[in-house]
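K.L.:
After the structure tokens below, expect a handful of questions from me.
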Amino acid sequence: MDRRAFIGEVFVGMLAAPLIALAQQPTTIPRIGFLSFAPLSSITARTEAFRQGLSDLGYVEGRIDWRSADDQRDRLPALAVELVGLKVSLIVTAEEPAALASRKVTQTVPIVMAQSGDPVVTGLAASLARPGGNVTGLTTGAFELPSKEVGLLREAVPKLSRLAVLSNPDNPPNSTGLKSIGAAARALSLSVLVHDVRDASALAAAFAAMTEERADGLIVLPDPMFLTQRAQIAELAERARLPAIYGIPEHARAGGLMSYAADRTALFRHAATYVDKILKGAKPADLPVEQPTKFEFVINMKTAKALGIIVPQSLLVRADEVIQ
């Protein structure tokens with residue numbers, strides 16, 4: 001190689017190096033909105049998983065506008081209007097109430113559900129395979145899990161006969177959960193006692209009623225307000241001597257007996273892939289709503305001991321997490 005050719009190649013290489021470095025830089029996220037019904041402080045692990053999902057895809061956090069209704073459902077519409085007014089490229093919703101509020105406000109801004117109970121029943125999606133409209137994302141599989149929770153609770157409490165259910169009737173997917181529980185309970189000859197609670201101030205009265213009805217087991221259906229009040233609910237259940245199973249793992253980690261649920265952190269992490277696809281031009285209508293593939297079964301042995309329950313080995317070997 002002559003000297004002139006060598007210098008030419010070095011010069012081309014010097015020009016190319018900055019371009020390669022530039023191509024490897026993380027992509028800054030266009031402005032997006034994030035709307036939660038629950039306080040953001042109560043879902044920190046999930047929001048961090050979402051951030052990590054974006055990072056794994058090569059994004060750095062540019063402009064995410066975080067909004068929370070702090071368990072006040074009537075605040076959601078105004079917050080959704082605010083996000084749309086900020087000209088966000090899309091809205092990520094942390095729960096189904098947030099998705100419903102956003103959908104009422106806009107039919108054009110893409111909406112990604114980081115989790116949802118039953119988007120078909122609530123009208124957020126025409127079907128899981130072809131959601132249509134401007135909403136897509138992930139479901140927790142809440143329409144199937146409650147029936148499994150009945151079986152798990154019966155294994156832990158073989159003499160279970162009167163099953164109480166704590167439900168928020170303002171949370172639409174709970175109607176599907178109640179049907180699932182009813183079918184499973186009938187198969188096991190269990191009576192079901194449903195307690196509707198819309199506000200945290202009514203929780204103590206609901207547990208007092210369960211005690212009066214001589215309930216000997218409890219299922220707590222997933223709900224953002226219940227999640228925020230998880231420590232109080234666990235305390236009330238223990239005081240009432242009620243073994244309970246929950247549809248969100250944070251409940252068991254806060255003192256509940258057991259939980260069986262989709263891995264919410266995995267769902268929020270995976271929601272980042274929907275953001276990525278939509279920002280690259282995909283339409284929400286064409287992106288199927290995905291069901292969970294990873295589930296968590298958590299048993300709190302400290303609570304079991306406090307309730308005098310001997311958890312059978314058949315359950316312990318299936319648990320993903322055992323809290324001592």
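The values are calculated or read from the model by the stated rules, or taken from the named source; none is laboratory data. This structure is a prediction, so every number in the text was calculated from the model and none was measured. Here the Cβ positions follow ideal geometry from the backbone for every residue, glycine too, while neighbour counts run over all protein chains shown. Remember, those area values only see protein heavy atoms, side chains included, never the ligands or the DNA or RNA. Shrake-Rupley method; radii C 1.70, N 1.55, O 1.52, S 1.80 Å.
K.L.:
Please work out if G137 is of a type in the set (G, A, S), under 15 Å from the mean Cα position of the chain (by Cα) and within 30 Å of V311 (Cβ to Cβ).
P.N.:
Against the criterion (of a type in the set (G, A, S), under 15 Å from the mean Cα position of the chain (by Cα) and within 30 Å of V311 (Cβ to Cβ)), G137 does not qualify.
K.L.:
Let me ask you something else. Take E212 and tell me if it is open to solvent by 50 Å² or more (accessible area, probe 1.4 Å), at pLDDT 95 or above and closer than 18 Å to R253 by Cβ.
P.N.:
Values: open to solvent by 50 Å² or more (accessible area, probe 1.4 Å): yes; at pLDDT 95 or above: yes; closer than 18 Å to R253 by Cβ: no.
No; evaluated as a whole, the condition is false for this residue.
K.L.:
Shifting gears a bit: Against the conditions (1) more than 26 Å from G117 (Cα to Cα); (2) not in a loop (DSSP other than H, G, I, E, B), where does V298 fall short? Just the number, please.
P.N.:
Unmet for V298, out of (1) more than 26 Å from G117 (Cα to Cα); (2) not in a loop (DSSP other than H, G, I, E, B): (1).
K.L.:
Mind listing just one residue for me: the one in the stretch 30-46 that is open to solvent by 10 Å² or more (accessible area, probe 1.4 Å) and either touching an Asp or Glu at 6+ places or on another chain (Cβ under 9 Å) or part of a helix (DSSP H, G or I) (or both) and, of those, farthest from T265 (Cα to Cα)? Working first, answer last.
P.N.:
First, pick out the residues of the stretch 30-46 that are open to solvent by 10 Å² or more (accessible area, probe 1.4 Å): 30-31, 39-42, 44-45.
Add one more test, that the residue is either touching an Asp or Glu at 6+ places or on another chain (Cβ under 9 Å) or part of a helix (DSSP H, G or I) (or both), and what stays is 31, 39-42, 44-45.
Details: R31: 23, P39: 16, L40: 14, S41: 14, S42: 13, T44: 10, A45: 7 Å.
If we take residues in the stretch 30-46 being open to solvent by 10 Å² or more (accessible area, probe 1.4 Å) and either touching an Asp or Glu at 6+ places or on another chain (Cβ under 9 Å) or part of a helix (DSSP H, G or I) (or both), then R31 is farthest from T265 (Cα to Cα).
K.L.:
Within the stretch 43-79, can you find the residues that are small (G, A, S), more than 18 Å from the chain's Cα centre (by Cα) and within 23 Å of K280 (Cα to Cα)?
P.N.:
Across the stretch 43-79, the qualifying residues are S55, G58, G62.
K.L.:
Which numbered condition in (1) loosely packed, with under 13 Cβ neighbours inside 10 Å; (2) among the hydrophobic types (A, V, I, L, M, F, W, C); (3) closer than 19 Å to P224 by Cα is the only one that V60 fails?
P.N.:
(3)
K.L.:
Looking at this structure, is T176 crowded, with 23+ Cβ neighbours inside 10 Å and out of contact with any strand residue (DSSP E or B) (no Cβ under 6 Å at 6 or more places or on another chain)?
P.N.:
no
K.L.:
Could you run through the stretch 38-84 and say how many residues are over 19 Å from Y274 (Cα atoms) and either free of Cβ contacts under 8 Å to residues at least 24 places away in the same chain or out of contact with any helix residue (DSSP H, G or I) (no Cβ under 9 Å at 6 or more places or on another chain) (or both)?
P.N.:
7
K.L.:
Something else now. Restricting attention to the stretch 287-296, does a residue exist that is aliphatic (A, V, I, L, M) and open to solvent by 30 Å² or more (accessible area, probe 1.4 Å)?
P.N.:
Within the stretch 287-296, the subset aliphatic (A, V, I, L, M) is 287, 289.
Filter again for open to solvent by 30 Å² or more (accessible area, probe 1.4 Å), leaving none.
Checked against the condition, which is being aliphatic (A, V, I, L, M) and open to solvent by 30 Å² or more (accessible area, probe 1.4 Å), the stretch 287-296 yields no hits at all.
K.L.:
Just one of P131, P169, P146 is at pLDDT below 95 and open to solvent by less than 10 Å² (accessible area, probe 1.4 Å); which is it?
P.N.:
P146
Here's the yes/no breakdown for (1) touching a residue at least 40 places away in the same chain (Cβ under 8 Å); (2) within 15 Å of the chain's Cα centre (by Cα); (3) within 29 Å of G133 (Cα to Cα):
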position	(1), (2), (3)
H251	no, yes, no
M258	yes, no, no
R264	yes, yes, yes
T273	yes, no, yes
K280	no, no, yes
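Conditions tested, residue by residue: (1) more than 18 Å from A69 (Cα to Cα); (2) touching a strand residue (DSSP E or B) at 6+ places or on another chain (Cβ under 7 Å); (3) at pLDDT 95 or above.
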{"residue": "P97", "(1), (2), (3)": "no, no, no"}
{"residue": "L100", "(1), (2), (3)": "no, no, yes"}
{"residue": "V105", "(1), (2), (3)": "no, no, yes"}
{"residue": "V120", "(1), (2), (3)": "yes, no, no"}
{"residue": "G123", "(1), (2), (3)": "yes, no, no"}
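K.L.:
In the stretch 216-233, how many are surrounded by fewer than 23 Cβ atoms within 10 Å (Cβ to Cβ) and either over 19 Å from the mean Cα position of the chain (by Cα) or free of Cβ contacts under 8 Å to residues at least 24 places away in the same chain (or both)?
P.N.:
Result for the stretch 216-233: 2.
K.L.:
Go through the stretch 265-291 and report how many residues are among the polar types (S, T, N, Q) and within 16 Å of S55 (Cβ to Cβ).
P.N.:
Going through the stretch 265-291 one residue at a time, the tally reaches 2.
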